[in-house]
Amino acid sequence: MPAATDTLLPSSLAERISDAQRQAIVEAPRGQRLKLLASALASDELQVLASLAAAAGIDTASNLEADDASLSLLPARLVHDYQLVPIVFGEKKPDDDTDPLASSAPLHLATAWPPEPVMADWIRTFTARPLVWHLGVPEKIHHLILQHFGVGSGSLEGGDEDYVAPETLQHAEADVDEEAAVVRFVTDVITQAVNDEATDIHFEPQENQLTIRYRVDGLLVQVPVPENLRRFQDAIISRLKIMAKLNISEKRLPQDGRINFRAGSNVLDIRVATAPTIYAESVSLRLLNQKKEAYTMDRLGMSPDEQAQINHVLDYPHGIILVTGPTGSGKSTSLNAFLRKINSTDLRIITVEDPIEYEVPGVNQIQIRSEIGLTFANALRSILRQDPDVIMVGEIRDRDTADIAIRASLTGHLVFSTLHTNDAPGAITRLIDMGIEPFLVASAIELVIAQRLVRRLCHDCSRPEPVPAIKLKDTMAILGLDESEANGITHLHSPVGCDRCRGTGYRGRIGLFEILKPNDELHDLVLKRESTRTLAQCAREHGMRTLGQSGWEKVRAGHTTLDEVLRVVTVAEK
């Protein structure tokens with residue numbers, strides 16, 4: 001049976017692009033062809049979608065809604081392979097008592113690319129209903145498939161033995177067993193996580209089901225999964241452990257491993273951690289894309305004034321710069337941006353990281369391996385004998401590391417590192433609590449940056465909406481801001497939700513920053529071992545902008561919402 005990629009583009013569109021572009025489009029998966037065609041034509045995807053539908057002689061469908069009554073007609077594998085889904089079309093009349101599944105009732109199908117004869121042939125093997133085709137936005141169709149069939153459902157489905165995808169026809173005999181199905185499923189789950197820009201995947205066994213959740217933009221999102229997933233639970237967990245080179249027979253103790261996974265042109269370094277629970281082992285995957293595009297300070301969300309403060313200190317020959325915040329607040333990303341800012345051929349830069357999240361050309365990067373004794377402290381001692389100009393320590397976790405990092409910054413080295421504290425002044429008291437002498441802390445620290453990440457509003461669908469005055473007043477009070485800063489504000493941008501942002505109203509994240517540059521008065525307070533509250537008050541009096549102020553500026557600029565700022569800043573500001 002011919003593969004779906006044999007069908008060429010409509011001639012009216014094909015003649016406007018090169019042969020190489022046409023070949024790339026035809027060979028691409030169906031869900032990706034529209035984006036490639038729009039890029040080749042340098043045109044908007046929706047306009048190209050309309051042109052494509054007109055050339056193919058079919059209608060376009062907007063506001064797609066899955067036809068629940070017809071979903072069971074088609075096997076999940078076929079739906080995934082061809083990126084099509086039964087949809088509701090038109091409104092049912094009050095006096096229309098026709099059975100929606102009757103053989104004479106038309107089956108409306110939305111597809112990401114004009115249908116080919118092979119698709120209709122396969123569908124007719126499962127239903128005799130007349131087919132009516134519609135062209136829809138690929139992202140929306142894919143979302144409906146995942147929502148109603150589940151991620152990887154085409155891999156595990158047991159009720160479609162009569163259907164074999166065209167592209168796997170030659171491997172059919174080797175592909176029908178359960179082991180191969182589990183391999184495909186795990187690959188589908190990781191690939192979808194990469195497409196959704198997730199940072200973590202959690203496989204969580206429950207009493208009667210296996211739950212899978214992605215962490216996207218800092219929040220956990222439950223992933224729709226096939227109904228029969230529980231039957232494959234043990235095989236899926238074993239597959240993950242095999243990929244991570246763990247002991248599959250050891251189920252009583254936690255284990256750590258790593259997977260090298262290729263997703264298209266990206267190579268992922270996946271950190272795997274298992275933990276025994278009352279039902280089965282829970283498996284967590286941290287996805288690290290070593291080749292991903294590095295962030296600049298501008299892309300992090302820093303204002304020109306914030307960048308100027310940091311750039312001034314980056315030119316110092318020695319001292320320590322600390323970035324603080326909870327896990328997942330973007331500390332390593334900020335340090336990487338600083339390294340790239342100062343990276344040059346006349347500087348020897350060495351980093352000690354766990355894990356190495358970004359590869360920086362020209363920088364000597366060391367991966368911590370605690371199991372063989374290569375800890376932060378031990379690696380840092382060795383680095384000082386390597387004639388470095390700049391040192392980056394991934395995290396100060398103990399007194400030894402803190403002591404060496406502080407002393408290195410006082411002996412002619414510029415040192416970058418991170419700490420887990422709620423705000424910038426808290427980093428100073430944390431180091432003193434670790435046992436570092438206050439005079440060393442006061443002399444070494446040149447800059448402390450506290451940061452948080454908030455979800456960025458989707459540019460395609462966000463819109464200004466009225467904001468109640470009482471909510472604005474309460475929010476300003478919680479953030480510790482003067483009510484006068486909200487004078488004249490009646491509307492703020494709010495999330496709406498669209499196909500581009502998966503209906504959440506947010507796409508990506510942006511940083512909030514609190515920058516502390518110690519002065520003489522703060523230096524004296526540190527020597528007196530004053531509290532974090534006293535240090536913070538002094539810093540604010542001398543112009544330090546708090547996380548709350550940074551968040552309010554992002555809200556006013558339309559980058560995020562009050563609710564997002566409150567979600568990540570409230571605890572730190574109380």
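Once you have a ≥ b ≥ c as the square roots of the Cα gyration tensor eigenvalues for the range 23-95, tell me rounded if a/c is under 1.5, and otherwise prolate or oblate according to whether a/b is larger than b/c. Each step should come with its number before you reach the end.
Details: a/c = 3.12, a/b = 1.53, b/c = 2.04.
Judged from the Cα gyration tensor, the range 23-95 comes out oblate (a/c at least 1.5, b/c at or above a/b).
Take the cross-link list LYS241/LYS331; LYS140/LYS341; LYS331/LYS528; LYS140/LYS471; LYS245/LYS341 and give me the ones stretching past 32 Å between alpha-carbons. It would help to have the intermediate numbers written out before the result.
On the way: LYS241/LYS331 29 Å; LYS140/LYS341 39 Å; LYS331/LYS528 29 Å; LYS140/LYS471 34 Å; LYS245/LYS341 38 Å.
Distance filter (> 32 Å) returns LYS140/LYS341; LYS140/LYS471; LYS245/LYS341.
Carbon and sulfur atoms: what percent of the 1.4 Å accessible area of the range 8-72 do they account for?
Numbers: 1640 of 3590 Å².
Carbon and sulfur atoms account for 46 percent of the accessible area of the range 8-72.
Could you put ILE58, ILE396 in order of accessible surface area, largest first, with the 1.4 Å probe and the full protein assembly present?
Reading off the accessible areas and sorting them downward yields ILE58, ILE396.
On the accessible surface of the range 213-357, probed at 1.4 Å, how many percent belong to carbon and sulfur atoms? Please list the in-between numbers first.
Details: 3550 of 7160 Å².
Here carbon and sulfur together make up 50 percent of the probe-accessible area.
Please list, in chain and number order, the residues 5+ apart from THR351 or on another chain whose amide H is under 5 Å from its amide H, with Hs placed from the backbone.
ASN364, GLN365, ILE366, MET392
Using a 1.4 Å probe, what is the accessible area per residue for the chain, in Å²?
Each residue of the chain exposes 48 Å² on average to a 1.4 Å probe.
Counting only protein heavy atoms and a 1.4 Å probe, tell me what percentage of the range 428-574's accessible area is made up of carbon and sulfur.
Its accessible area is 46 percent carbon and sulfur atoms.
Counting GluC sites (Glu not before Pro) as exposed when in a DSSP loop with at most 16 other beta carbons within 10 Å, what is the longest stretch of the chain free of them? List each step's numbers first, then the result.
Details: sites that count: GLU15, GLU65, GLU91, GLU161, GLU197, GLU207, GLU227, GLU250, GLU293, GLU359.
No qualifying site falls inside 360-574, the longest such stretch.
What cysteines in the chain have no other cysteine with a beta carbon less than 4.7 Å from their beta carbon?
Here CYS538 come out as lacking a disulfide-compatible partner, given the Cβ-Cβ threshold of under 4.7 Å.
The values are calculated or read from the model by the stated rules, or taken from the named source; none is laboratory data. Values in this document were obtained by computation on a predicted structure and should not be read as measured data. Here the Cβ is made from the backbone with ideal geometry for all residues, glycine too, and neighbour counts use every protein chain on show. For the accessible areas, the whole protein counts, side chains as well, though only heavy atoms, and no ligand, DNA or RNA atoms are used. Shrake-Rupley method; radii C 1.70, N 1.55, O 1.52, S 1.80 Å.
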